[in-house]
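A.B. asks: Take this structure first; my questions come after.
Where a number appears in this text, it was derived from the coordinates with a stated rule and is not lab data. The structure presented is a predicted model; accordingly, all values stated were derived computationally and were not measured. As a convention, Cβ positions derive from the backbone with ideal geometry for all residues, glycine included, and neighbour counts pool all protein chains shown.
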Amino acid sequence: MDLLVKIVEVTIAALASLGFLTIMSSRSLLKMLIGVELLFNAALLYVLLLGTVSPLLASIYGFIIVVLATAEVIVAVSIAVLYYRTHKSVEPSGIGDPLDEA
């Protein structure tokens, strides 16, 4: 059991690190969205790891995280599509202060 917990902990650390590095190093909004999803998956795995302590609490938190991740994907993809329609690109370099355009 301890070996399985250690493997899951290493997987969580790898997912979180990969998500953070993807967000920091990418110049595309879609790649940043993938990095955020990796971070959400790391958080979900951590909550499910809590299931070794309290199964009921882990299932409740897991459900909440899945719902939040789904809502986050819907909002982020909607923003990316809207941005693409107005700027014909999904590169975040063109994103600035909206008040500067006025």
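A.B. asks: Please work out, to two decimal places, the log10 of the ratio I(q)/I(0) at q = 0.12, 0.18, 0.24 Å⁻¹ from a Debye calculation in which every Cα of the chain carries one identical scatterer.
C.D. replies: For the requested q values the scattering log ratios are -0.52, -0.90, -1.23.
A.B. asks: Can you give the calculated 222 nm mean residue ellipticity of the chain, where each DSSP H run of n ≥ 4 adds -39,500 (n - 2.57) and the sum is split over every residue, rounded to the nearest 500 deg cm²/dmol?
C.D. replies: When only DSSP H runs of four or more count, the value is -27000 deg cm²/dmol.
A.B. asks: Run the simple label-point estimate for ARG85 and LYS6 please: 7 Å along Cα→C-beta, distance reported in nm.
C.D. replies: Result for the modelled spin labels: 5.3 nm.
A.B. asks: How would you rank 52-58, 14-20, highest first, on the average number of other Cβ atoms within 10 Å across their residues?
C.D. replies: Sorting 52-58, 14-20 by mean packing, highest first, produces 14-20, 52-58.
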